[in-house]
Every structure is written in structure tokens, then in C-alpha cells.
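Presented below is the structure to which this report refers.
The values are calculated or read from the model by the stated rules, or taken from the named source; none is laboratory data. Small disclaimer: the values here were computed from a predicted structure and weren't measured. Methodologically, a virtual Cβ is constructed for each residue, glycine included, from the backbone with ideal geometry; neighbour enumeration extends over all protein chains shown.
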Amino acid sequence: MTSRALTSRAVTVRAPAKINLELRVGAPRADGFHELATVFQAISLADDVTVRATGGSIDEPIQVTLDSDFAHLDGDPSAGDDGRTGAVPLDETNLVVRAVRLLAERTGVGEGVAIHIRKRIPVAGGMAGGSADGAAALLAADQLWHSGSSRDQLRALAAELGSDVPFPLLGGTAVGTGRGEQLTPALCRGSYTWVIATSGRGLATPSVFAETDRLRAGRVLPVPRVGPELMAALRSGNAVAVGARLANDLQPAACSLRPDLERTLEVGRESEALGGLVSGSGPTVAFLVRDAEHALDVRAALEAAEVADQVITVTGPVHGARVIEEFARG
Ligand code: C5P
């Protein structure tokens with residue numbers, strides 16, 4: 001028997017943010033997406049998504065709640081005329097809702113759910129925070145409903161939700177091709193320490209791709225591919241060589257839209273980071289550092305220069321999305 005009063009089942013999944021160690025972007029395709037080749041690394045900054053059975057029907061609206069580490073997202077989650085908290089929509093457009101609706105549709109599940117997001121990944125920061133939430137919701141709903149989908153099936157659903165959604169399911173270090181959704185795990189030795197400089201104002205991914213096209217108009221673009229040097233550096237665990245090979249074709253556009261990012265990158269160079277780059281479509285900037293002590297120096301320099309909203313030290317690679325809590329009663 002199922003009743004609203006008695007049912008209390010929930011699954012919480014933690015899914016990591018990513019940085020792109022190399023991002024090569026080709027020409028726009030007929031479908032509007034860009035062919036790309038990238039190296040993703042999952043980092044120790046993650047969101048937790050809880051999917052809870054309501055006892056109702058999946059046809060009812062899905063309630064989304066949020067709590068976060070970011071001052072500008074805190075307060076009344078229902079605040080805002082447009083139903084948004086900061087840049088996070090709490091309505092049916094949120095990737096977590098689209099994820100559970102897609103799984104329900106494909107598996108024929110009719111049970112209603114509510115979703116809670118514990119957000120630590122900067123919003124609209126180029127670290128695939130929304131995509132991590134979508135991946136986490138997919139895995140949590142699969143577990144809650146015992147849908148028994150394979151990782152490959154979940155990855156295919158994730159690719160339908162967005163180019164960056166499959167990677168947080170996989171985690172580790174991986175090469176992404178196509179529009180970023182086709183993944184091949186990469187050999188990567190050792191652990192890398194990153195200092196992440198976030199920005200209070202986000203950048204919209206489509207506008208950064210559009211600006212990239214504008215800046216490169218008239219140029220013949222090669223088929224995007226990841227350089228063998230970076231892959232060799234990752235295989236040998238040589239952080240200095242990895243730092244020297246960090247590259248992002250979206251960086252000129254991100255800096256064109258946000259000229260202040262040039263100064264952030266400069267502060268990293270001045271404090272002898274092994275390398276630094278805008279992460280994905282930005283505006284987050286990631287610096288590879290030697291170790292935890294060097295991270296303190298880079299952090300201090302970024303904080304003194306007042307170029308970042310928040311400075312976070314993380315490590316990578318970490319594993320992909322996984323269940324961290326399951327609760328069942330009734
Ligand atoms: O796949 P996703 O919904 O995350 O992509 C968001 C937007 O980013 C797309 O609408 C497109 O403008 C841009 N994009 C792109 N090429 C890619 C990935 C994303 O142009 N490979």
C-alpha cells in the first residue's frame with residue numbers, strides 16, 4: 001500500500017564538478033552545437049541531490065528545493081517573481097526535473113517525487129554544476145525506482161539532457177568528443193591540486209560559443225583534437241607538464257566578454273601556478289599548483305588582488321556520481 005503519510009523513501013547522490021584541462025572547439029555544426037574535443041577531470045567539489053518519493057503521481061508538478069554555500073543563492077528559495085533563486089531555476093526547466101521526467105517516461109514509472117539540491121558547485125561557472133545535478137538526479141531516481149538501468153543506459157539518457165551531463169556519471173579523467181558527450185576514460189596517474197577562482201556573475205554558455213564564432217569568423221578551423229602531449233603528461237603524472245599544456249579555445253571569448261578574467265589569470269602566473277585557464281565557458285578560472293602549500297600562496301595572492309568572488313582548493317581526479325544515502329520507511 002502506498003500513501004502520502006506512510007511513504008518515506010529517498011536516495012541522495014553526490015556528483016562532482018569538472019574542469020576542462022584542454023578544450024578544443026571546432027566549427028559550428030548544422031544542429032547549432034560545436035564539434036569539440038576535450039579532457040575532463042572530475043574534482044573534489046560536488047553537489048548532493050536527494051530524490052524523495054512523495055506518494056503522489058509523476059504527473060503532478062515536481063517540487064525543487066535548494067540550499068547552498070553561496071550567499072547570493074541563500075534566503076527564501078521561492079524568492080523572485082520568475083521562480084528562480086539566483087541563477088538556479090526551481091521549476092520544470094531545472095535539469096534535475098528534466099532528468100527524472102525523462103527516466104520516468106522511458107521506464108514507465110508513475111511515482112511522484114520531490115527533489116532537494118545541496119549546492120556547492122558555482123552556478124553558471126563553467127564547471128558543469130547544473131549538469132552534475134542532472135546526472136545525480138538521474139542516478140538517484142534510478143535507484144529510488146529500482147529501474148535497473150545500466151550505466152550505459154543512464155549515460156545515453158544523460159547525453160539527451162545535455163553535452164556535459166554524461167561526464168559526472170563517469171568521473172575520473174576522460175576525453176570527450178562529439179559535442180562533449182562521447183566519453184573515453186583517460187589514463188591519469190597521481191592526484192592534482194587545483195585552486196579555483198569563482199566569480200559572482202555567471203557567463204551563459206551559448207553566448208561564449210557565439211562570441212568564439214564571432215572572434216574566429218572567416219578562419220578555417222581544424223578538426224578539434226586533444227594534444228598527445230597532455231595525454232602523455234597525465235599518463236606519467238607529471239604536473240609541471242600538465243600545467244604547461246592546459247588550453248581552452250573558449251578562453252579568448254570568455255575574456256572578451258569578461259575582461260577582468262585576464263587579471264585573474266595574471267595573478268595566477270605571478271604566483272607561479274603550474275598553469276591556469278578559464279574552465280569551460282567560464283567565468284571560473286582554475287590554477288594547477290604544486291601542492292597544498294603552494295595552493296595557500298596562490299589563494300593568498302588571488303584574495304589580496306580581490307579578483308575572485310570565492311577561492312577554493314580542490315583535488316582531482318575523483319570518482320563519478322554515487323549514492324551516498326538511502327532511506328526507506330513505509
Ligand atoms: O548541451 P548543453 O545544453 O549543455 O549546451 C548548452 C549550449 O552550449 C548549447 O545550446 C550551445 O549553444 C552550446 N554548445 C555548443 N557546442 C557544444 C556544447 C554546447 O555550441 N559542443
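Taking (1) more than 12 Å from Thr193 (Cα to Cα); (2) in the same structural domain as Arg214 (by TED's automatic domain parsing) in turn, Ala328 satisfies each apart from (2). Scanning the stretch 147-201 for residues that are in a helix (DSSP H, G or I) and at pLDDT below 95 gives Arg151, Asp152. Pairs linking a residue in the stretch 34-45 that is closer than 17 Å to Phe287 by Cα to a residue that is outside any strand (DSSP E or B) and within 13 Å of the ligand (Cβ to nearest atom), with Cβ atoms under 7 Å and 6 or more positions apart or on different chains, are Phe40/Phe167; Ala42/Pro168. Residue count for the stretch 202-236 under the criterion of being within 15 Å of the ligand (Cβ to nearest atom) and assigned to a loop (DSSP other than H, G, I, E, B): the result is 9. Filtering the stretch 240-254 to residues that are surrounded by fewer than 20 Cβ atoms within 10 Å (Cβ to Cβ) and in a helix (DSSP H, G or I) leaves Val240, Ala241, Ala244, Pro252.
When Met1 is tested against the conditions (1) assigned to a strand (DSSP E or B); (2) at pLDDT below 95, the lone failure is (1).
If you go through the stretch 18-41 one residue at a time, do you hit one that is small (Gly, Ala, Ser), touching a Pro at 6+ places or on another chain (Cβ under 8 Å), modelled with pLDDT of 95 or more and more than 23 Å from Gly320 (Cβ to Cβ)? Yes, because at least one residue in the stretch 18-41 is small (Gly, Ala, Ser), touching a Pro at 6+ places or on another chain (Cβ under 8 Å), modelled with pLDDT of 95 or more and more than 23 Å from Gly320 (Cβ to Cβ). Here Ala114 passes the criteria (1) within 29 Å of Leu23 (Cβ to Cβ); (2) touching a strand residue (DSSP E or B) at 6+ places or on another chain (Cβ under 9 Å); (3) away from the ligand (no atom under 13 Å from the Cβ); (4) not β-branched (Val, Ile, Thr) except the one numbered (1). Look at Arg290 and say whether it is under 30 Å from Gln182 (Cβ atoms) and among the basic types (Lys, Arg). Criteria not met by Arg290. Scanning the stretch 166-184 for residues that are among the β-branched types (Val, Ile, Thr) and within 15 Å of the ligand (Cβ to nearest atom) yields Val175, Thr177.
The rows are residues; the columns are (1) surrounded by 15 or more Cβ atoms within 10 Å (Cβ to Cβ); (2) more than 13 Å from the ligand (Cβ to nearest atom); (3) more than 16 Å from the chain's Cα centre (by Cα); (4) under 30 Å from Ala253 (Cβ atoms).
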residue	(1), (2), (3), (4)
His34	yes, no, yes, yes
Thr38	yes, no, no, yes
Ile43	yes, yes, no, yes
Asp47	yes, yes, no, yes
Arg52	yes, yes, yes, no
Gly55	yes, yes, yes, no
Asp59	no, yes, yes, no
Ile62	yes, yes, yes, no
Ser68	yes, yes, no, yes
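Kindly evaluate Val96 against the criterion of being within 28 Å of Gln153 (Cβ to Cβ), modelled with pLDDT under 95, surrounded by 15 or more Cβ atoms within 10 Å (Cβ to Cβ) and not assigned by TED's automatic domain parsing to the domain that holds Ala253. Here the answer is no, as Val96 does not meet what is asked.
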